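Undergrad: Questions regarding the structure given below will be posed in turn.
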Amino acid sequence: MIPAPTWSSPYHSIRRGVAMARVVLLRRGMRRWMPCWCVLVACGRFGFELAPGEAGADASVEGEDASSLDLGKDAGAPPPPTPTYGCGADGGPACDEVASIPEVGFDRGNDALYPGRMGGVTLDRFEVTVARFRAFVDAGGGVAASAPAPGAGAHPADDATGWRSSWDVELEATSATLRAALATAGTFTATPGDDDRLPITGLTWYEAFAFCVWDGGRLPSLLEYQAASVGGPQQRLYPWATEEFTAAHIGPALEAPGSRSPIGDGRWGHADLQGGAMEWGLDYFGLVAEMCDDCVQSAPLSTSSRVVHGWKSGADAYAYMAKPAHTGAAPRSRSEYYGVRCAR
């Protein structure tokens, strides 16, 4: 036995939509257009639907009390909820999902002259998205008045890497000036939309640091990022499991984090370790020590530049990805390529 249609069934919604359209046309003296209009409604083109309990949807319109249909019910309706997006190729995993890396030894830069030991870390699986960073800005973060506490965000092996009060002035004075600066430099948008899925770019090193502290973490060190990129002792040429480099692994332009997952992921499930945005790191940029035991470069070397991990998506990606790529940039820099992921 076929069950009777319920108020939530597509069958019933179409019947009520057709009935509503007929009432509209009769009221407006447009009877001759009724067959065409009703066919369009039945196909879902106009999406009319009445709430359960409203009278008259299934009755014949001839002689029906048309006032039983509330044709203006949407006038004062609240706006639809803001869409929420996941990350990954199917948009399933939460964008703040994390994945841990155990203690590992490996050759930094895939170079046996630079051995290192990383003591274990948890990293964001995905680059921080526009939506995640906007929540930080909307909460009053990223400005001088809400700067991290001195010492916050330090690497567990080096207290000197924590926030310094002298950096407070490097943050924007107000949320309004912060939004304006971000909007002109990268992917930030002040209101929700489709760009929520993109990696946040255009933020300075100080803003990236402040975000990670607010989010319960810190910036990752170069050692931690490289451990993820080469798969520890597996010494991968690329973060993914093969030595192939194709469009399946990295996109031609900036796209939603994890769009190339799982084929483009690292050994422990981290997406976009190469490709996507470039990511601010904790270390000062410069020459690295020959031996590194859970190390981080906490003192400036020849410049005050900070490490930027990875390399952006695009036509020149291949030339920079045969090793765990990184470069350096002034911490005040805003670039359409610079984003962030956090360590825990």
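The values are calculated or read from the model by the stated rules, or taken from the named source; none is laboratory data. Keep in mind it's a predicted model, so treat the numbers as computed, not measured. Counting neighbours? That spans all protein chains shown, and the Cβs are built from the backbone with ideal geometry, glycine included. Note: accessible area is taken over every heavy atom of the protein model, side chains too, but ligands, DNA and RNA are not part of it. Shrake-Rupley method; radii C 1.70, N 1.55, O 1.52, S 1.80 Å.
Undergrad: Can you tell me how the stretch 109-247 classifies by the Cα gyration tensor, rounded, prolate or oblate, using a/c under 1.5 as the rounded cut?
TA: In terms of gyration-tensor shape, oblate.
Undergrad: Another one. Could you estimate the translational diffusion coefficient of the stretch 254-313 from the Stokes-Einstein equation, with Rh from the Kirkwood formula over C-alpha pairs, at 37 °C and 0.692 mPa s, in whole µm²/s?
TA: Answer from the Stokes-Einstein relation: 248 µm²/s.
Undergrad: To the nearest 20 Debye, how big is the dipole of the stretch 112-209 about its Cα centre, given +1 on the beta carbon of each Lys and Arg and -1 on that of each Asp and Glu? Don't skip to the end; give the middle numbers.
TA: Working: 7 positive and 12 negative charges, 35 e Å.
Result for the stretch 112-209 is approximately 160 debye, rounded to the nearest 20.
Undergrad: So how exposed is Glu290, as accessible area in Å² (1.4 Å probe, rounded to 10)?
TA: About 140 Å², rounded to the nearest 10.
Undergrad: Next question, about the same structure. I'd like the carbon and sulfur percentage of the solvent accessible area for the stretch 146-261, probe radius 1.4 Å, heavy atoms only, ligands and nucleic acids excluded.
TA: With neighbouring chains kept in place, the figure for the stretch 146-261 is 54 percent.
Undergrad: Here's a follow-up. Top to bottom by accessible area (1.4 Å), largest first, where do Ser304, Ser229 land?
TA: Working: Ser304 70, Ser229 5 Å².
Result, largest first: Ser304, Ser229.
Undergrad: Oh, and also: For the stretch 156-234, report the % of Cα-Cα distances exceeding 18 Å.
TA: It works out to 55 percent of all Cα pairs.
Undergrad: Please compute the modelled spin-label separation between Tyr114 and Ala135, points set 7 Å along Cα→Cβ, answer in nm with one decimal.
TA: 3.5
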